[in-house]
Amino acid sequence: MSLFDNRRMMVIGLSFVICHLSFSSVAAQTMQEVFKAMPDSLIPYLSQNNRLDMIDFMESGMEAKVTNQLGGKSTMTALNDRYLSIRLNEATRCEMRLLPVSTPVDSLSQIICMVRTYGVEGQESEVTFYSCLWRPLELTVNDIWQQTFNHPQITLDDLTFRPDAMSQERYQKVRKILTPALVCVELSPDDDFLTFSLSDVTVPPDDRDDVDVIKTSIKVNSNLIKLKK
């Protein structure tokens, strides 16, 4: 084999390695990377320096508390390569998770699910989806519900049930306490499920036990989510 052939094989081999590494870096990103690159406008509470500090604190095993842009305190409470949770203030929590998709979005194999939950009592969640380049996606919670359960929006019937020991009359009375339905959504640090449940609301003491009994939660596998084309 000539010296030219040897060089040619080395170039081809090196090109393959470079292409393989490039593909691997494009195919998946970490939560740390997408959080650093997040536009400030999505969470105005936090500057890029705030976000970088939070990541550094978490990775150093320190309390990840920063002074936010409004002069208050915001704390990152969980972080791994695919999930984070932040307490922005006493009444606002934000979770994010990287969810896998079968068809690449912006040439990447994941999308970002962001859940903002507002309130202390009577909490309600807002769910939005983005590409890993932070392009908003045309996907809503109602779309997920339609795809999973074949009806267009979440209702009390989905998140409550009547125990055998409870009369229909009592069940209907307790349900009214939960009207209008305030829905909370939670992400998991460990899996790709979205958990839907009814928010805690102010309840008369005599009704608290029955309210807790009829409430249920539903976990939806994100693998069932279909993106709009």
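Looking at the chain, what % of its DSSP beta bridges pair antiparallel, to the nearest 5? Each step should come with its number before you reach the end.
On the way: 44 of 44 bridges.
Taking every DSSP beta bridge within the chain, about 100 percent pair in antiparallel fashion.
Convert 20 °C to kelvin, take the viscosity as 1.002 mPa s, use the Kirkwood radius over C-alpha pairs of region 45-114 as Rh, and evaluate the Stokes-Einstein diffusion coefficient in µm²/s, rounded to a whole number.
Details: Rh = 13.1 Å.
The diffusion coefficient I find is 164 µm²/s.
Could you run the Karplus curve 6.51 cos²θ - 1.76 cosθ + 1.60 with θ = phi - 60° over region 112-121 and give me ³J(HN,Hα) per residue in whole Hz, x for Gly and Pro?
Values per residue, Gly and Pro as x: 9, 9, 10, 10, 9, 10, 10, x, 9, 9 Hz.
Add -39500 (n - 2.57) for each DSSP H run of 4 or more in the chain, then divide by its residues: what number comes out at 222 nm, to the nearest 500 deg cm²/dmol? Walk me through the numbers on the way to the answer.
Values: 7 runs with 74 residues, N = 229.
Helix-only estimate at 222 nm: -9500 deg cm²/dmol.
Of the labelled options (i) 1.12; (ii) 1.01; (iii) 0.96, which one gives Rg/Rh (Cα atoms, Kirkwood Rh) as computed for this structure?
(i)
With a 1.4 Å probe and every protein chain kept in, tell me what percent of the accessible surface of the chain is carbon plus sulfur.
Details: 7100 of 13170 Å².
Carbon-and-sulfur percentage of accessible area, whole number: 54.
Per residue, how much accessible area does region 133-229 show when a 1.4 Å probe rolls over the protein heavy atoms, in square angstrom?
Spelled out: the 1.4 Å probe surface of region 133-229, per residue, equals 61 Å².
Please list 3J(HN,Hα) in residue order for region 104-109, calculated via the Karplus relation 6.51 cos²θ - 1.76 cosθ + 1.60 where θ = phi - 60°; whole Hz, with x for glycine and proline.
x, 10, 6, 6, 10, 8
Can you give me the relative contact order of region 75-135 as a percent, contacts being Cα pairs under 8 Å and 6 or more apart? Please report the intermediate quantities before stating the final value.
Numbers: 116 pairs, mean separation 14.7, N = 61.
Answer for region 75-135 is 24 percent.
What are the DSSP H helices in the chain that stretch 18 Å or more along their long axis, judged by alpha-carbon atoms, and whose average Kyte-Doolittle hydropathy comes to at least 1.0?
Values: long enough: 3-27 (36 Å, 1.07).
Those that clear 18 Å and a mean of 1.0 are 3-27.
The values are calculated or read from the model by the stated rules, or taken from the named source; none is laboratory data. Everything numeric in this text was worked out from a predicted model, so none of it was measured. With ligands, DNA and RNA removed, areas are computed over all heavy atoms of the protein, side chains included. Shrake-Rupley method; radii C 1.70, N 1.55, O 1.52, S 1.80 Å.
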